[in-house]
Every structure is written in C-alpha cells, then in structure tokens.
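Here, each number is a calculation from the coordinates, and none is a lab measurement. Everything quoted here is computed from the prediction, not taken from an experiment. Don't worry about glycine lacking a Cβ; one is built from the backbone with ideal geometry, like all the others, and counts go over all protein chains shown.
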C-alpha cells in the first residue's frame, strides 16, 4: 500500500514543479526577433509600453520605473530562462540602474515578456507583442 502511494506522489510532485510553468524559448532569440513594441493589458500596469529597438536601445513608459537605456538578452544562470536585461541610462549615457528578471515566454516569435512590480508572488505582468520592427 505504501509503495502504491509513492507511485502517485512522484508524478504529482513533478506536475506541480513543471506542469504549470509556461513554455520558454529553448534557443536564444536574436535581437531582430525581439525588437518591437510590447504592451501590458494587465490591470496593475494597463497601458505600460516597452519598446525594444534593433540598435539595442529601449524605452519603457507608464511603468513604475519608466525610462530609456540599453537592452540585451541573457540566459539566467539558475533557471536557464532567457531574460531581457534593461540598463537604464541618464542623459549622458551613464548606467544608473540595471533591471534583471524580464523573462521570455513562448517557444517562438512573437514572444511574451513577463515583468514584475513589487512582490513576485503576486504574479507576472505580461507584455504582449503588438508590433515587430526587426523583420
């Protein structure tokens, strides 16, 4: 009887760990694949707009930390997820703040970008692609 319960417990644990996780890219997307405009329709950040340009610059508007700067795609060491790293710059081009944790969702273009405000336990705010400029 105890052996039977172990057979049910392990698949249940695996589903809890991996079954609910959104699909992620298995290969690093190119800059041109990611370049475009991404809009949030989430009530916590409705109208927030992230623009990723082909030249590696970005603009983020209607977000608690709105601004401009440079972006790049990196693979996060611990999770193995690809993320957009935003380096905010001042008017002279000096980096003032670096933001990690803008993870990619989806297996192919167009990707969705998940971002967070405050406590990550409140869930991701999704930015959906509304236009691409890299093609």
Let me know the Rg and Dmax you get for segment 23-132 when you use only its Cα atoms, in Å.
13.0, 39
Distance between segment 54-80 and segment 86-135 - C-alpha centres, whole angstrom:
5 Å
Spacing of the two label points (7 Å from each Cα toward its C-beta) at residue 24 and residue 132, in nm
2.2 nm
